[in-house]
Structure formats: C-alpha cells, structure tokens
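Notes to accompany the following structure.
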Amino acid sequence: MLKLGLLGSAALMLPVERQARTDLSIKNRIPESQLPRPFQVPFAVPPVARPVKRTATTDVYQMSMRAVQAQILPGFPKTTVFGYDGLVPGPTILALAGRPVLIRHINRLPALSPFNTPTTTSVHLHGSPSLPQYDGYASDVTAPGQYKDYRYPNVLNSACTFWYHDHAVHHTAENAYMGLAAQYHLHSDAELALPIPHGRYDVPLTIKDAIFTTNGSLVFDDNDHSSLFGDVILVNGRPWPVMKVERRKYRFRVLNASLSRSYRLALDSGEPFTIIGTDDGLMPAPQRVQTFRLAMAERYEVVIDFARHKIEDRIILRNLSNPNNEDYPSTGRVMMFEVASNATDTKNNTVPAVLNPDNATMNLNETQAVRTRRMAFERDGGQWTINGSTWDDVIKSGFEFVIANPGLGDVEIWEVSNDSGGWFHPVHIHLIDFRVLDRNGKPPFPYEIGPKDTVYVGEDEKVRLIMKFRPNRGRYMMHCHNLVHEDHDMMTQFEVGQGGNDPFSAPARDLPAPSL
Ligand code: C2O
Ligand code: CU
Ligand code: CU
C-alpha cells in the first residue's frame, strides 16, 4: 500500500500538460475515480494453440475469428471483443525453425464492429518473411463468411517473437483494438540449447491500453484520426494483473499491442532488466538497462531475476511514459509480480554473455550498402504520409506504385525521419529485419542492439537502418505502427526485384471450406 501511495505522488509530479483529463464527451465513459483498482486480477498466459494435424512437413492450424463476451473489468458488465478462436489475446503459436506452419483463418465476425466499421480482415504474421500472398496485404481482405489459408515458412536466422494481428485496409485499428492480436514464438535448436529460461519460465506479456464505458463496452476514440489513448492497461487481456513468481529468473516476451501508446518500462524495486532479445531474435549479447522505450509492435525479450527478493515481496512494473502520450494516473502502472515461493526448477536459470553471435542482420556493415534512401514520416494536409504519399495512392495506382525497388539480395541504408516535435512514429518494414545504425548520429540505445523490424522514430529523430532485401521478391508494405496513423494513411509499399508473387494471388474463399 505504501508503494501505491508513492506511485500516486509520482503521478502528481508529471508536468501539468501531460496529465490528460478523462474525456467527458464520451457517453458513459468510466470516470477515472471509478476505474477498477490495479492488482486485483490474477495474471494469465494465453493458451497455446493446438494443431488440427501434423503432416510429415507441416503443422496445420485452424482458427475462427469470433465476437465473444469476456469478463474483463471486475465489477463491470462483460465486454464484446473479437478474438482469434474467440480469445483475447489469441492463442500463442509455438513453431520450430525449419518446420512450416499452415493456418486456416476463418472470418466468423458479425458484418460490422461495435464502432460500425466493416469487419473484413487480413491476417499478418508480423516479423515473418512470408510470401506476398500470405503476408496480410492490407487490401487482400477476407469478408465474414470467408476463409483464407496462410502459409508460413519459419525459416529465419534466429528464434524470435513474431505476432499475428489484423491488417485490413483502413480499419486495422478497430479490428486490432477489438482483440485480433496474439503472439507466435519461433524456436530454434540453438535457442533451446541456451541455458536461458524456457517452458513455463518463458512468458508472453502482451500490453495494451483501452477505454471502457460503464456498460463494459470498448470505446474507440481516435481523436480525429490522431491517436487512441486508453486509461486501462491490459496485460494478456487482464487489467493490471498480479503474477505469482518463484525466486528465480523469468524470461518475458514483452509486446506492445497498443494502437497508439508507447511505454517506458521500469521496476519500482530499482533493479535493472536484462534485455536478451529484440523483435527478430536474440541479441548478440545481453544488455542491462534500468528502463527502455517500447513502441507499438516492438518486442523485447526481458529477463528479470526474482531470486534476489524475499517471499512475499511485490514488485511493480511501471510505465514512466514518453513524450506525446496522453497519461493518466492509472497508466503509470502495468502489472505486479508477487514473489510466492522458492524456485521449483533451477535449470536454465542463467544468461550467458554471448547469445547470438552470428546473426546475418547484425553482421551487416555500411560498406556493403549499395544505396541510401530517405523516408520522411510527416503530417501533410490532414493526412499522415511517407515521402508525401499514402496507401490511397497505392490503391489509386492499381497497386502498382512502389516507394522503392531494391534488387533481391541488395543491402541498403534507409534514413527514416520524423521532423515533428508533436508525435512519434514506430516505423515497421515488412519482409526484412534490420540493424539500427544510429539515431541523430548517436549509437542506438543498448537495448536496440539486436535484429529488429520496428523502430521507435521519436520527436525530431532521424534513424538510420541497414537491411538486406531477401528472401522473397515481391511487393511488401511499410508503415507507421500507430494503427490510427496507418489507417489514415501512413502506409506505402516497396517491391523487391521483379516478378515476385502477386499479393492477391491466394484470395479468400467462401465457406464452407473443404477439410484440411
Ligand atoms: Cu504489425 Cu504491417 O504490421
Ligand atoms: Cu509486419
Ligand atoms: Cu505514426
């Protein structure tokens, strides 16, 4: 309780302009004073998806996107959400490098969302170098009553945390906000052989913010297409949960699945995090940090050691926030760890000094680059644009327009800039992973020294990225992962080489589906 009191006063110390007030114009929005108290709900891990079958070469899954009623806020009525297989977040998929996965995604959603937006879907496996027709191309949509089979190669240099989420053109934000998001863990023999935490000590933490009415409904308020900031923080779908932990190391796969909110995470015990992995794999070497910025769609694998605590210790995962987020006292806390027992298993309880020394992306160097391109993320005439263009320009061109056409196998440097002081953009490039070379001429943050596909481009920042365009030819999206910006319309595409598969070449089909 003392800790809560201290946090309360820390929140009061925020500069006045960063203290948002609950928007009373939203009918029935839960006033701040009536939000559920934090740390009342037990933490839970989403279930692991079970294949419908395993063939000699492939694990086969089938999932239905459905509307369900979920008890999310204690003391309030149930909430209508959209889930993969009716779960929010959806089931975690466990895949093994070298073993392809096929997922049949069936759209059984009602025709309209509670916000009256269409519920056509497109499923993107974020991080995967999928072929263009299986990449969740925004305009390749599946309508309610249709299904689409997605194929994932699971070939990559590194074990890592992918995630799958909706990507339907112009209403990705609504669909993802309703709950269409989940983790996908790609394991490899090299990673499984490391003495880092595995199994039940390898835990997904999907963080997201939301706004609710007193009737339990989700509110979609994107402030005139600028951003959506909720006052409730959900971890794996539960508000400010409490996780009971043993006195040992845990590995958390932290994913920010919020539409617009970025976090700066810290432990109230003052102890550091050991970052071991970034978006697309383990880092060459672990990095200890007190705090780190977490933009939407970024993933960090974070080790916390609870062995230094006594049983019954409570440690709060705090959000210290970043500029241009709308903060509430309730958004300064994410979840709580409660040390409940001694370790029941002490195997795989170390972090070696070398984790992933031969990652091809991390070994790229500037002299290999054949060209440098500039990508400016800017607000232009009421639209969010990239070098002045939008996804509508792509649509109007009959999907021909491309912002860049690197050759297959080319190494390039992309200089990504945000000249505004008023907002930040998490920039995501499909197909490839990249190494962050520098930010405003300075080295990347220690926790960014690993293979990534999404980078925090903060206020007045210019970030240089180096990447190799492989393994597929074809057209792929690049966009801001503030999903409100993405939908309006900060998204474009690039094409690798010539003659790649067409993103529309495996269209959705009507139900009933033939058996898998
Ligand atoms: Cu996580 Cu193009 O998206
Ligand atoms: Cu992606
Ligand atoms: Cu943006």
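Would you please list the contacts, defined by Cβ atoms under 7 Å and residues six or more apart or on different chains, that run from a residue in segment 252-272 that is buried (at least 16 other Cβ atoms within 10 Å of the Cβ) and part of a strand (DSSP E or B) to a residue that is modelled with pLDDT under 95 and aliphatic (A, V, I, L, M)?
Going by the 7 Å Cβ cut-off, there are no qualifying pairs.
Considering segment 419-456 alone, what residues qualify as being assigned to a strand (DSSP E or B) and away from ligand 2 (no atom under 16 Å from the Cβ)?
Selection gives 435, 436, 437, 438, 439, 442.
Having 1 or more residues that are among the aliphatic types (A, V, I, L, M) is the bar; report the strands (runs of 3 or more DSSP E) wholly within segment 150-211 that clear it.
181-187, 202-210
What are the residues in segment 152-173 that are within 15 Å of ligand 1 (Cβ to nearest atom) and out of contact with any strand residue (DSSP E or B) (no Cβ under 7 Å at 6 or more places or on another chain), if any?
Hits for segment 152-173 are 169, 170, 173.
Among the residues of segment 72-87, is any free of Cβ contacts under 8 Å to residues at least 24 places away in the same chain and either farther than 16 Å from residue 180 by Cα or assigned to a strand (DSSP E or B) (or both)?
Checking segment 72-87: not a single residue is free of Cβ contacts under 8 Å to residues at least 24 places away in the same chain and either farther than 16 Å from residue 180 by Cα or assigned to a strand (DSSP E or B) (or both).
Within segment 492-516, take every residue that is surrounded by fewer than 20 Cβ atoms within 10 Å (Cβ to Cβ) and hydroxyl-bearing (Ser, Thr, Tyr) and give me the one that is farthest from residue 142 (Cα to Cα).
515
Does residue 140 fit the bill of being out of contact with any Ser or Thr (no Cβ under 9 Å at 6 or more places or on another chain) and either of a type outside the set (Val, Ile, Thr) or in a strand (DSSP E or B) (or both)?
no
Which of (1) within 22 Å of residue 385 (Cα to Cα); (2) in contact with a Gly (Cβ under 6 Å, 6 or more places away or on another chain) is the odd one out, the single condition residue 501 does not satisfy?
So residue 501 meets the others, but not (1).
Restricting to segment 176-235, give me the number of residues that are in contact with a Pro (Cβ under 7 Å, 6 or more places away or on another chain) and more than 30 Å from residue 328 (Cβ to Cβ).
Qualifying residue count for the region: 2.
For segment 290-322, which residues satisfy the criterion of being in contact with a Pro (Cβ under 8 Å, 6 or more places away or on another chain), within 25 Å of residue 127 (Cα to Cα) and either within 16 Å of ligand 2 (Cβ to nearest atom) or part of a loop (DSSP other than H, G, I, E, B) (or both)?
Listed by number, the residues that qualify are 295, 296, 297, 298.
More than 16 Å from ligand 3 (Cβ to nearest atom), within 20 Å of the chain's Cα centre (by Cα) and touching a residue at least 40 places away in the same chain (Cβ under 8 Å): is that true of residue 452 in this structure?
Answer is yes for this residue.
Just to be sure I understand, how many residues within segment 372-402 are in a loop (DSSP other than H, G, I, E, B), of a type in the set (Val, Ile, Thr) and under 15 Å from residue 425 (Cβ atoms)?
Summing the residues that are in a loop (DSSP other than H, G, I, E, B), of a type in the set (Val, Ile, Thr) and under 15 Å from residue 425 (Cβ atoms) in segment 372-402 gives 1.
Can you pull out every residue in segment 462-484 that is in contact with a helix residue (DSSP H, G or I) (Cβ under 9 Å, 6 or more places away or on another chain), surrounded by 23 or more Cβ atoms within 10 Å (Cβ to Cβ) and not in a strand (DSSP E or B)?
Correct list: 482, 483, 484.
Can you pull out the residues in segment 124-171 that are within 16 Å of ligand 3 (Cβ to nearest atom) and of a type in the set (A, V, I, L, M, F, W, C)?
If the condition is that a residue be within 16 Å of ligand 3 (Cβ to nearest atom) and of a type in the set (A, V, I, L, M, F, W, C), then 138 is the only one that fits.
Quick check, is residue 149 closer than 29 Å to residue 497 by Cα and away from ligand 1 (no atom under 16 Å from the Cβ)?
yes
Can you tell which of 438, 433 is modelled with pLDDT of 95 or more and crowded, with 23+ Cβ neighbours inside 10 Å?
That would be 433, the only listed residue that is modelled with pLDDT of 95 or more and crowded, with 23+ Cβ neighbours inside 10 Å.
If a residue has to be basic (Lys, Arg) and either under 21 Å from residue 99 (Cβ atoms) or crowded, with 20+ Cβ neighbours inside 10 Å (or both) to count, how many in segment 174-228 make the cut?
Matching residues across segment 174-228 total 1.
The values are calculated or read from the model by the stated rules, or taken from the named source; none is laboratory data. What you see is a predicted model, and the numbers here were worked out from it, not measured in a lab. Ideal geometry is used to build each Cβ from the backbone, glycine not excepted, and the neighbour counts take in all protein chains shown.
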